[in-house]
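Asks: Can you read through this structure? Questions will come right after.
The values are calculated or read from the model by the stated rules, or taken from the named source; none is laboratory data. What you see is a predicted model; the values in this text were computed from it and never measured. Every residue, glycine as well, gets a Cβ built from its backbone with ideal geometry; the counts of neighbours run over all protein chains shown. For accessibility, only protein heavy atoms count, side chains too; no ligands or nucleic acids. Shrake-Rupley method; radii C 1.70, N 1.55, O 1.52, S 1.80 Å.
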There are 2 protein chains.
Amino acid sequence: MAQYARYVGPNGIIHTGRVQHGKLQDIPGDPEILDLLNGPADVRRDLDVRAGRQQKLPIQDATFAVPVQPRAMRDFLVFEAHIAGMKKNEPGDGSVPPQWYEAPAFLFMNPWSVLPTGADIPMPPFTQKLDFELEVAMIVKHTVRDVPIEEAAEHIAGFCIFNDWSARDIQGNEMRIGLGPSKGKDFANTLGPWLTTPDELEQYREDDRYALEMSVAINGEVVGTDNLRNMSWSFEEMLVHASRDAWVGAGDVLATGTASTGALSERWARSGQLTPPPLQVGDVVTMTVEGLGTIENRIVETASPGHTVPPARRTYGPDRL
Amino acid sequence: MAQYARYVGPNGIIHTGRVQHGKLQDIPGDPEILDLLNGPADVRRDLDVRAGRQQKLPIQDATFAVPVQPRAMRDFLVFEAHIAGMKKNEPGDGSVPPQWYEAPAFLFMNPWSVLPTGADIPMPPFTQKLDFELEVAMIVKHTVRDVPIEEAAEHIAGFCIFNDWSARDIQGNEMRIGLGPSKGKDFANTLGPWLTTPDELEQYREDDRYALEMSVAINGEVVGTDNLRNMSWSFEEMLVHASRDAWVGAGDVLATGTASTGALSERWARSGQLTPPPLQVGDVVTMTVEGLGTIENRIVETASPGHTVPPARRTYGPDRL
């Protein structure tokens, strides 16, 4: 297997490429990555060989596209140190709720907001606290339901780096309502730079975890690091849980949630201070995960006119019920 | 315009039909409903005329399919009396949080779990508190971003009844973690029975709301009623808010959230008693909304083996950070 990318050719057509030694080799026919992985092994081997004979594009010269277009994106919260840090600045006694330890909770995200590495991220309107989240995303290989743990690995197509951009002030307001975030997290997610198949990561495997160093930098300065082995549930366990009595689709994204120190908000919650400060226009956020590559995006000026709606019309009074 | 349904023919093929006088008229070519609505008006009128010449199927004899397959489903919470009732049994002082009044919050749902009227709903594993939610869903007509209020109506394809099935005990546990529900709401949603275009509802229009009577019955006994005019935000406002700095796709579902008394859990929260009791295997839940039709589903035996995962592996200690 290999690392496969989608990238934009000079004519605007999306190509599929194999990543080899820092270069992209175009795969004839430019199949979707999941079609390639789900097709016959001998066809893929033949295409890999033919790709090796093509002209090679250095990855630093490539304009990447998103490796897969998920229909559903589930974002988990499997790093204990991250939730422990965040809870220090939320209502409650500051401890991790006991329910967190029982099963790997997740939320669904906006599948229309997936962006590739290299894309500009417009500053969302109405936020003064733009932040990132350093995560790893598993890409699901087949549409499945009720997956038992011993079969989970065969349904994993591969892994990408995932950045769940978050407007913390908007998110914080929304979470007081009780249903989780909505506009605080629906505007952008970075998925990339390419898909790495599980066998490429065998050298990092420890039991059912991958020991991959993770880091995030702002304008080249590292501000957070963790290791993927610190997941409190494995990717296989995340798929078992998500698929219990529910369909999980081919191409769906199941992301880990934020690694510890993988978001500014965790630092803010631990220290009570806005240090490092929220992201500003012009900032470049770079995330690197061992074995998976690097994703990088720049914050640019707000692109939205920021249409608002009036507050709730009152429809409820003691006379109604 | 009209009411359009998707239904299953005797050969297993999904047909598209126009609903007229309690009967389905097959539309030649069986286009997707959104393709029909987004195509030229004269083509649609011609197809409507030709549909009228086809053999007619009484709707009670039809096996319905889902009218549209959304990529993203957003569920709002726009009925003040419902949230006011629910908060009586949640942590806090029992009042509606002030943040709720500021903007129409929503959460994303599992797009793979949409089921048509008539489908059996298997009892989810591990719940003793299966419940329903009486809602109306708006179907988005075009893929849009940053929609201003004066243009919102033109991007609404139509409306369906929506039942957001919910396992309240699972949901309640998950919501203590702070990110909203996950397994408590990812297993089933009913969307149907068909799509009703906005012009069909003009007679019910009051300012920017629709005055449609809504009701839900268990085994034929009405247990909840409300009126769609009690939305605290309009459908147009929901679309403005959802599309602010984010893509909303053609075919996406934007649902109102539960009407007041449109879920058993609201009654449980108000009374402190499990009356009426949670849904049981064999129960039939029927929802009717004036102008939109009726959806009905039966609860059947659990179909999932209920695979579980171990509790969190501890990875966080005072030595780590």
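Asks: Set the Förster distance to 41 Å, then compute FRET efficiency between B:GLN55 and B:ASP120 from the Cβ-Cβ distance, nearest 0.05.
Replies: 0.90
Asks: May I pose another question? Tabulate in residue order the Karplus-calculated ³J(HN,Hα) for region B:258-266, using 6.51 cos²θ - 1.76 cosθ + 1.60 with θ = phi - 60°, rounded to whole Hz; enter x for Gly and Pro.
Replies: Whole-Hz 3J(HN,Hα) from phi for region B:258-266: 5, 5, 5, 6, x, 8, 4, 4, 5.
Asks: Another question about this same structure. With a cut-off of 8 Å between alpha carbons and a minimum separation of six or more residues, what is the relative contact order of region B:73-300 in percent? Kindly include the intermediate steps, with their values, before the conclusion.
Replies: On the way: 522 pairs, mean separation 74.0, N = 228.
Normalised by residue count, the contact order of region B:73-300 is 32 percent.
Asks: Which loop trypsin sites (Lys or Arg not before Pro) in region A:53-147, with loop taken from DSSP, have no more than 12 other Cβ atoms within 10 angstrom of their Cβ? Working shown, then result.
Replies: Working: sites: A:ARG53, A:LYS56, A:ARG71, A:ARG74, A:LYS87, A:LYS88, A:LYS129, A:LYS141, A:ARG145; in loops: A:ARG53, A:ARG71, A:LYS129, A:LYS141.
Here the sparse-neighbourhood loop sites are A:ARG53.
Asks: Using heavy-atom solvent-accessible surface (probe 1.4 Å) with all chains present, what is the largest-first order of B:TYR204, B:TYR4? Let's see the in-between values first.
Replies: Numbers: B:TYR204 45, B:TYR4 0 Å².
Output order, biggest surface exposure first: B:TYR204, B:TYR4.
Asks: Sticking with this structure for a sec: To the nearest 20 debye, what charge dipole does region A:73-300 have about its Cα centre, counting +1 at the Cβ of each Lys and Arg and -1 at the Cβ of each Asp and Glu?
Replies: Values: 17 positive and 34 negative charges, 181 e Å.
Dipole of region A:73-300, to the nearest 20 debye: 860 debye.
Asks: Let me ask something additional. Could you look at region A:118-273 and say what percent of its accessible area is carbon and sulfur, using a 1.4 Å probe and all protein chains? If you can, show how the numbers build up before the last one.
Replies: Values: 1920 of 4330 Å².
Here it works out to 44 percent.
Asks: Another one. Please work out the Cα center distance from region B:63-122 to region B:272-295, rounded to the nearest Å.
Replies: 15
Asks: Please compute the average number of Cβ atoms from other chains found within 10 Å of each residue's Cβ in peptide B:3-13.
Replies: Working: counts 0, 0, 0, 0, 0, 0, 0, 0, 0, 0, 0.
Rounded to a whole number, the mean comes out at 0.
Asks: Would you mind calculating the relative contact order of region A:3-65 from Cα pairs under 8 angstrom and at least 6 residues apart, reporting the percent as a whole number? Don't skip to the end; give the middle numbers.
Replies: Details: 95 pairs, mean separation 24.4, N = 63.
Result for region A:3-65 is 39 percent.
Asks: Calculate the dipole size of region A:158-227 relative to its Cα centre from +1 charges on Lys and Arg beta carbons and -1 charges on Asp and Glu beta carbons; express the result in debye to the nearest 20.
Replies: Details: 6 positive and 13 negative charges, 103 e Å.
Magnitude of the dipole: close to 500 debye.
Asks: Moving on to the next point. Just read off the accessible area of A:ASP46 with the full protein assembly in place, 1.4 Å probe, to the nearest 10 Å².
Replies: Its heavy atoms expose roughly 80 Å² to the probe.
Asks: Find the sum over both chains of the accessible area lost when A and B are paired, probe 1.4 Å, and report it in Å² to the nearest 100.
Replies: Buried area (both sides, nearest 100 Å²): 7600 Å².
Asks: Return the calculated 222 nm mean residue ellipticity for chain A, to the nearest 500 deg cm²/dmol, obtained by summing -39500 (n - 2.57) across DSSP H runs with n ≥ 4 and dividing by the residue count.
Replies: Details: 6 runs with 50 residues, N = 321.
Rounded to the nearest 500, the figure is -4500 deg cm²/dmol.
Asks: When ranked by the protection proxy of mean other Cβ atoms within 10 Å per residue, highest first, what sequence do the peptides B:307-313, B:132-138, A:271-277 form? List each step's numbers first, then the result.
Replies: Working: B:307-313: 16.6, B:132-138: 28.0, A:271-277: 11.6.
Taking the mean over residues of other Cβ atoms within 10 Å, the ranking is B:132-138, B:307-313, A:271-277.
Asks: Defining the label point at 7 Å along Cα→Cβ, can you sort the distances from B:THR143 to the same site in each other copy, shortest first, in nm?
Replies: List, nearest first: 1.9 nm.
Asks: Here is a further query. Given Cβ point charges of +1 (Lys, Arg) and -1 (Asp, Glu) and nothing else, what value in debye, to the nearest 20, does the dipole of the protein assembly as shown about its Cα centre take?
Replies: Details: 58 positive and 88 negative charges, 31 e Å.
Using only the charged Cβ atoms, the result is roughly 160 debye.
Asks: I'd like the distance separating the alpha-carbon centroids of region B:123-188 and region A:197-255, in whole Å.
Replies: Each part reduced to its Cα centre gives a spacing of 28 Å.
Asks: How many nanometers, to one decimal and shortest first, lie between the label point of A:PRO310 and those of its other copies, if labels sit 7 Å from Cα toward Cβ?
Replies: Here the equivalent label points are 5.7 nm apart from this one.
Asks: Let me ask another. Shielding by partners for B:240-250, please: the mean number of other protein chain Cβ atoms within 10 Å of each residue's Cβ.
Replies: 6
Asks: What does the structure give for B:169-177 when I average, per residue, the other chain Cβ atoms found within 10 Å of the residue Cβ? Working shown, then result.
Replies: Numbers: counts 0, 1, 0, 1, 7, 8, 6, 6, 15.
Per-residue shielding by partner chains comes out at 5.
Asks: Let me ask something else. Would you rank A:THR190, A:THR286 by solvent-accessible area, highest first, keeping every protein chain in place and using a 1.4 Å probe?
Replies: Values: A:THR190 0, A:THR286 25 Å².
Heavy-atom accessible area, descending, gives A:THR286, A:THR190.
Asks: Shortest first and in nm to one decimal, what separations exist between A:GLU202 and its copies in the other chains, measuring from label points 7 Å along the Cα-to-beta-carbon line?
Replies: Reported distances to equivalent positions: 6.8 nm.
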